[in-house]
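The values are calculated or read from the model by the stated rules, or taken from the named source; none is laboratory data. Only a predicted model underlies this, so the values are computations on that prediction, with no experimental measurement involved. Note that we place each Cβ from the backbone using ideal geometry, even for glycine, and neighbour counts take in every protein chain shown. For accessibility, only protein heavy atoms count, side chains too; no ligands or nucleic acids. Shrake-Rupley method; radii C 1.70, N 1.55, O 1.52, S 1.80 Å.
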Amino acid sequence: MALTLDKALKGHSLTIAKLPNGDIKSQLIRLGITEGLTVSCIEKLPGGTIVLRRNRQEIALGSALAKSIEIVL
Amino acid sequence: MKTETIASENLLSKQKPTNGNSNKSGSRTKVVLAGNPNVGKSVFFNHLSGMYVDVSNFPGTTVSITSAQYKNYNIYDSPGTYGVSAFTEEEKVARDVILSADVVLNVVNSLHLHRDLFLTLQLIEMGKKVSVLLNFSDEVKKNKIKIDVEKLSQLLGVEVIETSAIKKEGFDKLDFAIENSRIGNCDQKVKELLSDTAKITGSEAEALLIKEGDVEVAKRHNSDPGTVDDREYLYIQRRNRVNNIVDQVEFENSTKGIIFSKLGRMTLNPFTGIPILAFVLLVIYFFVGDLISQRVVDYTENEIGVGIFEYNLKSLVADYTPSTITVEILGENDDVIDSRSFEFPQGKSENPELAEKFKSFSTKDGSVSDFVYENPIATLFFGEFGVLTMTITYLLFLLLPLVLGFYFIMAILEDSGYLPRLATMLDRTLNRIGLNGKAVIPIMLGFGCITMANITTRILGTNRERSIVTAILQFVIPCSAQLAVIAFLLARAGTVPLLIFMVTIFTILITLSTILNRLLPGESSPLLLDLPTMKIPQLRNVLKKTFFRAYGFMKEAYVWFFVGALGIGLMQITNLLSVWQNLLEPLTTNWLKLPKEAANAFIMGMVRRDFGAAGLFDIQLSAMQITVAIITITIFVPCIASFVVMLKERGWKEGISIWIGTWITAFFIGGLVAQIII
Ligand SMILES: Nc1nc2c(ncn2[C@@H]2O[C@H](COP(=O)(O)OP(=O)(O)OP(=O)(O)O)[C@@H](O)[C@H]2O)c(=O)[nH]1
Ligand SMILES: [Mg+2]
């Protein structure tokens, strides 16, 4: 089974392997998160909410969304 | 401000978005400020228009259109959006105003070119006349980033101008930017892809949106929207072009260029974030609950309002009308030390001797004068609940200082960038009640003004989330004016009532949202939130916002207060008030266990909730009765302004259900608590 973003830990650098389909994918692409992009996980909250950083940009993703994003560490 | 926003919305709906670039001869050029959220559009708008719209440090400050005239142009502020599309209500508002624009001033945050240029390229592909304002140039310098502006301009094919809105740099070039706006370099493949649809719609702008699957725009032209795959293809191509451009124009000269906000990080992590939240709440409590609502208001209300303003006005009226004045001298513990009654059957001026005695007695330390006029009209305007006496004291010397205090705190919070981080920290908790962290933003704004917050629900991802938050706002969130009175009354009642109040309201919040989450169909959207950097609030902006909001509040509230007071006064004279009181008596005295006069508060509360609380001030209530009264008034119907906006935003069915729901819940819960604690 593929690794998903909710498994990432604080401090990890990771590469996005696959985004979920649908509207949310377009929204992610718009914000700059695309398949193949390398980002770092700067915070992981107890409920599974993840905060990613790319360059100077910090983006929070809810746990449900994080579970649907496949990553490679 | 509220009414202005609503008015400008009507204006928008009348101006049906028409063909992209066609500048109807005769009408003024329509210049739209567009850009990602939180990039400074509203700062530019304020500068150009000389008007005031809110500027805050979180995405989603502007959620409706405001327009103004600037030179020969009509200039429009729009909600921020990461792209022209229709994922949320707020985005649809932005989309329509962009579609109707003659010129787009695209504001870009230079620190986030990757994110922001996506919209820029989309605007260019839409065939809009564009100029780019490369904002935040102060931060660019601070972070030692180099951007090749000329190269960027050349690649985009439009003017690119460096600005720093908060330092007012580059403002002199805005005219140049508008005049020299032009259609940029559109990708050839995209152009070909659109050419067929563009023939039907008459503009590339709408053709592009239709290809990207915008159902509403497609309907306007009776054509079929593109599929999700079409959109993804266009988006990915565009994203690649953005990355390519950024690689060519942006250089980081320093390795220390990365912004690292330690405090920002700490607010996210629960171990540090919860203590920070507690600290913030504590500061608010001491500032508003203690300093303002006790010390400051005690002074302004009693010393200035009652002691100086009312005393002199009433005394003046007593000169000319038959009156009886009772003066009590109170000791340190509010015990009556001395008391005298002065009768002026012909008015005070007819009996100068007694008037003099009254004057010297009533100006002693600790004196309280009670004026009773024989004439009902004099009573109506200058009596205990007088339209011109009580209302002015209440508005100017009680509510105004309290509301100023709240607005000041809210402005600091909004400008600091704390709200999006709080949203992230609370995301998981809100998931349990069918919301995501983003809901924190409208809910927190509700503590300022429910009417405004009702519109801000547009930033939420789905309709069901909007419904849940709208209900929460009307049922349990007290707005600043209401909080002000609550804080004031609770300060008299003590800590236990405060706890009972908070626990009750919190329980209703959880129950209400859990039920709605179960009942409403569909699924809520997950959190996807771009976090702005935390910063020290700008004092100027904070003060300006506090002032404008307080001004807006007074402007809207005073009419209702005078009309309400007049209405209550007339009901009192005509005995209708006792009819109403007797009608509600079983409910008020048996169920809520309050004196029957408390029924006044409910009619007054239908006008405005803060006005309703005014009905409680002059009734003798025990601490527990205050608790019950406050709980009931808090849940009770929203004020007229927010009711109207709610109907507009959410429709009749939902609006009326919520309105009736608040009646039932207010009395049911109020009574339940009364049965337990009184
Ligand atoms: N450092 C810096 N801050 C800026 C600049 N321009 C705007 N800001 C700040 O950015 C924040 C957002 O400004 P707004 O004008 O509210 O942004 P907006 O684009 O209208 O945002 P939305 O209405 O949410 O779409 C505020 O805190 C401003 O003070 C700038 O040039 N430099
Ligand atoms: Mg704005």
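Numbers for the structure displayed
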| item | result |
| --- | --- |
| Long-range HN-HN contacts of residue B:129 with modeled amide H, under 5 Å | B:104 |
| 10 Å Cβ neighbours from other chains, averaged over peptide A:21-27 | 6 |
| Under the Karplus curve 6.51 cos²θ - 1.76 cosθ + 1.60, θ = phi - 60°, whole-Hz ³J(HN,Hα) for region B:325-330, x wherever Gly or Pro sits | 10, 9, 10, 10, 9, 9 |
| Potential extension, residue B:154-residue B:309 segment - 0.36 nm per residue separation minus Cα distance | 49.1 nm |
| Charged-residue dipole, Cβ positions (Lys, Arg, Asp, Glu), chain B about Cα centre, Debye nearest 20 | 1840 debye |
| Shielding score for B:242-248, defined as the mean number of other chain Cβ atoms within 10 Å | 1 |
| Volume per residue of the C-alpha convex hull in chain B, rounded to whole Å³ | 184 Å³ |
| Karplus (6.51, -1.76, 1.60) ³J(HN,Hα), θ = phi - 60°, over region B:470-475, in Hz, Gly and Pro reported as x | 4, 4, 4, 4, 6, 7 |
| Peptide ranges B:637-647, B:551-561, B:30-40, B:182-192 listed from the most packed, as the mean C-beta count within 10 angstrom indicates | B:30-40, B:637-647, B:551-561, B:182-192 |
| Chain B, relative contact order [Cα under 8 Å, separation at least 6], % | 11 percent |
| Debye-sum result for the protein assembly as shown in log10 I(q)/I(0), which assumes one identical scatterer on each alpha carbon, at q = 0.09, 0.11 Å⁻¹ | -0.87, -1.18 |
| Those chymotrypsin sites (Phe, Trp or Tyr not before Pro) in region B:444-541 that DSSP places in a loop and that have at most 16 other beta carbons within 10 Å | none |
| Separation of alpha-carbon centers, region B:620-678 and region B:362-380, rounded to whole Å | 34 Å |
| Note, ³J(HN,Hα) from phi for region B:89-97, Karplus 6.51, -1.76, 1.60, rounded to Hz, x at Gly and Pro | 4, 4, 5, 5, 4, 5, 4, 5, 6 |
| Over 29 Å between alpha carbons, listed pairs B:71/B:211; B:128/B:151; B:30/B:648; A:25/B:219; A:7/B:92 | B:71/B:211; A:7/B:92 |
| Long-range HN-HN contacts of residue B:146 with modeled amide H, under 5 Å | B:251, B:252, B:253 |
| Sum of side-chain charges, residue B:618 neighbourhood, beta-carbon under 12 Å (Lys, Arg +1; Asp, Glu -1) | -3 |
| Segments B:567-579, B:122-134 sorted - mean Cβ within 10 Å per residue, highest first | B:122-134, B:567-579 |
| Calculated FRET value between residue B:372 and residue B:652, using beta carbons and R₀ = 45 Å, to 0.05 | 0.45 |
| Whether region B:292-393 is rounded, prolate or oblate, judged on the alpha carbon gyration tensor where a/c under 1.5 counts as rounded | oblate |
| Carbon/sulfur fraction of accessible area - region B:418-569, other protein chains in place, 1.4 Å, % | 70 percent |
| Most to least packed among B:281-288, B:103-110 [average Cβ atoms within 10 Å] | B:103-110, B:281-288 |
| Under 5 Å, built H, 5+ apart or other chain: amide partners of residue B:78 | B:33 |
| Partner chain coverage, peptide A:30-41 - average Cβ within 10 angstrom | 4 |
